[in-house]
1. Considering only residues that are in contact with a helix residue (DSSP H, G or I) (Cβ under 6 Å, 6 or more places away or on another chain), modelled with pLDDT of 95 or more and charged (D, E, K, R), which ones fall in segment 331-389?
2. Taking GLU277 and the conditions (1) modelled with pLDDT of 95 or more; (2) open to solvent by 10 Å² or more (accessible area, probe 1.4 Å); (3) under 30 Å from THR386 (Cα atoms), which numbered condition does it fall short on, given that it satisfies the others?
3. Hey, can you tell me all the residues within segment 99-118 that are touching a residue at least 40 places away in the same chain (Cβ under 8 Å), within 22 Å of the chain's Cα centre (by Cα) and part of a helix (DSSP H, G or I)?
4. Could you please find all residues in segment 292-305 being charged (D, E, K, R) and either in a helix (DSSP H, G or I) or open to solvent by less than 10 Å² (accessible area, probe 1.4 Å) (or both)?
5. Could you count how many residues in segment 500-515 are touching a Ser or Thr at 6+ places or on another chain (Cβ under 8 Å) and among the hydrophobic types (A, V, I, L, M, F, W, C)?
6. Select from segment 339-380 the residues that are open to solvent by less than 10 Å² (accessible area, probe 1.4 Å) and charged (D, E, K, R) and write down the one among them that is nearest to LYS299 (Cα to Cα).
7. Return the residues of segment 306-338 that are open to solvent by less than 30 Å² (accessible area, probe 1.4 Å), closer than 25 Å to ALA247 by Cα and in a helix (DSSP H, G or I); say none if nothing qualifies.
8. Sort out which residues of segment 233-257 are among the acidic types (Asp, Glu) and surrounded by fewer than 24 Cβ atoms within 10 Å (Cβ to Cβ), and write them in order of number.
Amino acid sequence: MSAHEDSDPIEAGRRRWQERYDAAARTGKVRDADFSTLSGSTLEPVYGPPQGAVDPRMERIGWPGEFPFTRGLYPTGYRGRTWTIRQFAGFGNAEQTNERYRMILGRGGGGLSVAFDMPTLMGRDSDDPMSLGEVGHCGVAIDSAADMERLFAGIPLGDVTTSMTISGPAVPVFCMYLVAAERQGVDLGVLDGTLQTDIFKEYIAQKEWLFAPEPHLRLIGDLMEYCAHNIPAYKPLSVSGYHIREAGSTAAQELAYTLADGFAYVELGLSRGLDVEKFAPGLSFFFDAHVDFFEEIAKFRAARRIWARWLRDTYGAKTDRAQWLRFHTQTAGVSLTAQQPYNNVVRTAVEALAAVLGGTNSLHTNALDETLALPTDESAEIALRTQQVLMDETGVTNVADPLGGSWYVEALTDRIEAEAEAIFERIRDLGERGRDRADDGSVEHEIGPITSGILRGIEDGWFMAEIAEAAFQYQVSLEKGDKKVVGVNVHTDSLTHELEILRVSHEVEREQVRVLGQRRADRDDELVQLRIAAMVDVARGETNMLPAMLDAVRAEATLGEICEALKDLWGDYREPARF
């Protein structure tokens, strides 16, 4: 480093950024597009302090593409690659959802995101008595690999990235996805996409688990190993804050609980002997974009900074890729109102803009009618067009982190970061409670200190209580009128009429059950039972379970059969009563 660079770190950072940007441009990584304002003014790719200025904040803010990544992962921002439009969809049976996917892809969607119905999310078959009345109603019904094959019929899985939002039975559903790809003739090693698999947030917020935490962690560890060795581009974990926020948490709680869950999965990978430089890039995140515009932008920027620092300083990651926090965003379902539902278009646009200004890597925009039912084709198209208007008309892709350096945004970013760090310390304390200490004062943890704290917090009901208190405080503010929601507690007069909503016919359930029965009759049942038994034998030991589970799925073992066999081995889980 020259003496001048040493004396002017801001200019040194600007030069480093410029070198990276120029290198990206030379290799074709900057889009051939018009990067000017609507009035024709040419724009710089990034802005920073004036030349010669002294700004002590720059150590925390930095430049796009360099540690601590507050301003984004890439020096080019969205000039290099825009966010992926990944619309969440699923309803009825596989054929109906396949039609919606074709519509999304045909109208400019860049990737798919699968919504499953409640029986599938709970690891039950469509003909299970507990599934009655729920088949196909909040997502698509998937009973076996044949359904997954129909779901993606005519959609080349080797070319389209696919996200699947499911956690409890995520691993057997993933196996069905792999078998569907095999039946298309796709080399599994080239698959790219994301599986949610985040079981911690189920105990914290969403409540869709199958077993106690430890067996789930066994499956997740096996999945991480399998993907690291066989499907390197696929992301086996999408650590989800979305459901935590939808349950009523604050922005800081959403950020802290989500990143803590992510740290625990890093500890899980390390405990399996995996190389953090190789498996950490396979972790992705899923956040909520709520309606408080600037707070959400600050949350996303703080998330990148915290993750990079912890991965480097706590878990030893040395490369940029292992320190990167990549995330998908969905606009806030809980912000949608049944009253005056057309207002939801505005809310969704504001939330989507916050996600984009926060640097999201992919985005789902909710439809205006989702507080009432699954979206119609028309409302789904409006949601898709919302992203396209932002991408093509507003100029938000022209400049990396355009709000970087804003006194307000930077102060909010710092505040949310500090609140999150205080929560991490509380989680560490939970993990230390009641544990034996060595002579040097250290504490042994089976997987790691954050994992121990999360497990203790789940056992004690701590997360649930903290979220419940935050939700209660918001509700009090709403009922007192301190917080306002248009159409709900202010500006309640309206000329809008009732919406036509999508209704899933009960014929869907009857037909799904009939097809499932026929599938069972046509398969080699003896082979299915042998392969399920072999899978259970593997589960009793320490061998990776995925190859045996794949064999069962190839024989058309159903989701319910696989999950019930594992429940017989590992037991069911019921949340302890808390008062």
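1. Answer for segment 331-389, where residues must be in contact with a helix residue (DSSP H, G or I) (Cβ under 6 Å, 6 or more places away or on another chain), modelled with pLDDT of 95 or more and charged (D, E, K, R): just ARG347.
2. All conditions pass for GLU277, except number (3).
3. Within segment 99-118, ARG100, TYR101, ILE104, LEU105 qualify.
4. Initial filter on segment 292-305 (charged (D, E, K, R)): 292, 295-296, 299, 301, 304-305.
Residues satisfying the conditions are GLU295, GLU296, LYS299, ARG301, ARG304, ARG305.
5. Of segment 500-515, the ones touching a Ser or Thr at 6+ places or on another chain (Cβ under 8 Å) are 500-502, 509, 512-513.
From what's left, among the hydrophobic types (A, V, I, L, M, F, W, C): 501-502, 513.
Counting residues in segment 500-515 that are touching a Ser or Thr at 6+ places or on another chain (Cβ under 8 Å) and among the hydrophobic types (A, V, I, L, M, F, W, C) gives 3.
6. That would be GLU351.
7. ILE306, TRP307, GLY333, SER335 - these are the residues of segment 306-338 that are open to solvent by less than 30 Å² (accessible area, probe 1.4 Å), closer than 25 Å to ALA247 by Cα and in a helix (DSSP H, G or I).
8. Correct list: GLU246 only.
The values are calculated or read from the model by the stated rules, or taken from the named source; none is laboratory data. All values derive from a computational prediction rather than experimental measurement. All Cβ positions, even for glycine, are placed from backbone atoms using ideal geometry, and neighbour counts span all protein chains on display. Areas reflect the complete protein model, heavy atoms only, side chains present, ligands, DNA and RNA absent. Shrake-Rupley method; radii C 1.70, N 1.55, O 1.52, S 1.80 Å.
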